[in-house]
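What follows draws every value from the coordinates through simple rules; no lab data is involved. Just so it is clear, the structure is predicted and the values come from calculations on it, not from any experiment. Cβ: placed from backbone, ideal geometry, glycine included. Neighbour counts: every protein chain shown.
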Amino acid sequence: MKTMIKHIPILLYCLVLPFGQSLAQSAVTTTANKGSITAITGVEANTQEEVRISRDRIIELQNESKASETKVNITDEYNFLSFKIAASLEQGNAQIEIFDPKGEKKGGFTVSSDGNHTGPKSSIKERVRGELAKSFRHPTKGDWIIRTKPSSAYGVIQIQTSQVYQENLDFNKATGKK
Amino acid sequence: MSVKAGRYPILLLIMIALFCNPKIEGVAGQGIRGHIHLDTTQWAPVAYLSLIPDFNQLYSISRKLMIQEAIITSSGDFLLDINSLPSEDHLYRIHFSKKDDSPASLIIGGVDENHLFLIANNRSNQRITIESDTRLIGRVRFEGYNPTLALQEINGIVGFLDSLDNFCPDMNREFVRDAVHDRLRSYADTCDHPLISLYALYHSGIDTDAPSNRGYLRSYFRKWRGGESDYFRVFRSQLANYQKPNVLIAVSGALTALLLGAGGLAYYRRRKQSSRNPYQSLTVQERKVFSLIREGRSNKEISEICSISLSTVKSHVNSIYSKLRLTSRTDVMDYPDP
C-alpha cells in the first residue's frame, strides 16, 4: 500500500510531463495569475526510497493589503516537512506566520519598510528583507498553514515548501544538504 | 629630573600591558564589544544594532528598529556605543547582512541565521564572542552583563523546545513541551529582573494557555505593578481578557451557591418540621376529630358532632393516620397526650 502511495506523485507526474523527459529533470511548473498574485508550483518525484514534493509560491505585492493562506496537507505518507519563506519589501509591511494543524504558531516574522515605491527606483539599501527556514521531522498530520498579511505592501513573498518521505529519514538529505 | 626619568618605566609597562592583553586588542573602548569571524566574500563587515521595543517585534525587521551600526575590523572585532542607549534595560538584536542583501535583512533558522539577542543599557559594558561553525552564528559567549547571560539561558531552553519538532515523537513532544513551559513560568515567577522574567513568561506558551492560567496571570502582573515598562504594557494588553476573573465561571459559581443555599434551606425546614411533634401538623378540624376518636366516638357520631359528612370524617381520619403514622383507632387511643 505504502509503495502504491509513494508512486502516486510519480504517476501524476508522468501524466503531465511530455514523453521523453527523464524523472531526474522532473519539475512541473504551472503559473497562475490572480490579480497581483503569481503562483508557481513545482512537483518533483524521485526514487523509490524517497518521495519529495516541493512547491514554490511567489506572491507579488502591488499595494497589497489582502491576507492570504497557503495550505500544505500532510498525510501519513510524509515524514519530513520544511518551509523556506522569504519576504522582500520596498514599501508597506507584511507579516508571515506558520501554523501547524493544531493551530499552534510554529514561527513567523514581520518586514516593514518606509520606502517610497512611487519615487525614484529604489536601491538595495531601501529594501527590507526577512527570511525564515523551518523544518519538521515526523510533522503533525493535517493542514499546515502559512498566513501572509500584507499592508499597503510593494514587494515579493516567496514560499517554498517541501514534503518528503524517506524510508530511512536522513535529516541532512531531507533538508537538501550534501 | 629624577621624576621624569621615573615616568619611562611606567609608560613602558602600560604599553606592554596594552600589547599583551588580548581583551584590549582590536577595538578598544567601552560599550558592547564583539568578535566574529565573517566570510567577507559573502557577508558585509558591519554589525547592526536594533532596539526591540516589545516582544512581538523580536522577529520584525525594519529600518526604524535599527539604531546603530559598527564596522567589523579585519580581525573580526566591532564596538557598539552604549552611551546613546536608554538608561533602563532594553532588549536589543545584533545582526549581520550579506553583501548582496539589504542591510535591513533578518534570517531566522538555517545555517545563515544572522542575529542574536542581548540586554543592555547605557552602562552595560559587555563582550560577545561569536564562533562560526557550519553556521554563521555557532557558539556564542557573553561576558560582563548578567541579564544578557540569563537571556541566553532562556534562549537555550527555547531552542531546545524548537528542536523537539525534529527529534521527538508527537506525544512525547507535548509532554516535554508542557514540562518546559511550566519550568519557564516558575522561572518567570521567581526571577527578580522584570525584563528577563517577562521574557521567560513570553516563551512559556502562556498566550495559548492563558484561559487556564488566569489566577497565575493576575498574581504575576500584580507583582510587577508600578515598575512596568512598555514590554509589560504591550504583553499585558494582549492578555487583558485573561487577567480578570472569568465572568461565566463567576456567574455559574454564584448560581451554584444560590442553588446550594436554597437546597440547604429546604432541607433545614424539612428537618425542622420532622423534628417537631407530628401532632402539630394536624389541622384544627383534624385535631377535633382526633380528640373525639380518643373519646371512643364512632365516625357517624363525629359526623353529627362536627356537622360534617361521613366521607369527610373518613378523610380526616385517614389524614390523621398518615400524619401520625398510625394504622388504627387503637393506635390513636394509645397515642401519647399531645
Inset, instruction - Give A:LYS141/B:LYS64; A:LYS134/B:LYS98; A:LYS102/B:LYS64; A:LYS84/B:LYS64; A:LYS149/B:LYS223 a once-over and call out the pairs whose C-alpha atoms are over 28 Å from each other. - result: A:LYS141/B:LYS64; A:LYS102/B:LYS64; A:LYS149/B:LYS223
Inset, instruction - Using a 10 Å cut-off on Cβ to Cβ distances, tally the other chain neighbours for every residue of A:107-114 and report the average as a whole number. - result: 6
Inset, instruction - Find, among the trypsin sites (Lys or Arg not before Pro) in the range B:112-151, those assigned to loop by DSSP (not H, G, I, E, B) with at most 12 other beta-carbon atoms within 10 angstrom. - result: B:ARG123
Inset, instruction - Compute the signed sum of charges (Lys and Arg +1, Asp and Glu -1) over the other residues within less than 12 Å, Cβ to Cβ, of B:THR41. - result: 0
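Roughly how crowded by other chains is peptide A:94-100, in terms of the mean Cβ count from those chains within 10 Å of each of its Cβ atoms?
Per residue, the average neighbour count from other chains is 1.
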Legend entry - Contact order normalised by residue count of the range A:50-167, Cα under 8 Å, 6+ apart, percent: 51
Inset, instruction - Please average, across the residues of B:111-122, the number of beta carbons from any other chain that are within 10 Å of each residue's own beta carbon, and give a whole number. - result: 1
Legend entry - For the range A:50-167, size of Cβ-based charge dipole, Lys and Arg +1, Asp and Glu -1, in debye: 180
Legend entry - Dipole magnitude (debye, nearest 20) for the range A:66-106, charges at Cβ of Lys, Arg, Asp, Glu: 120
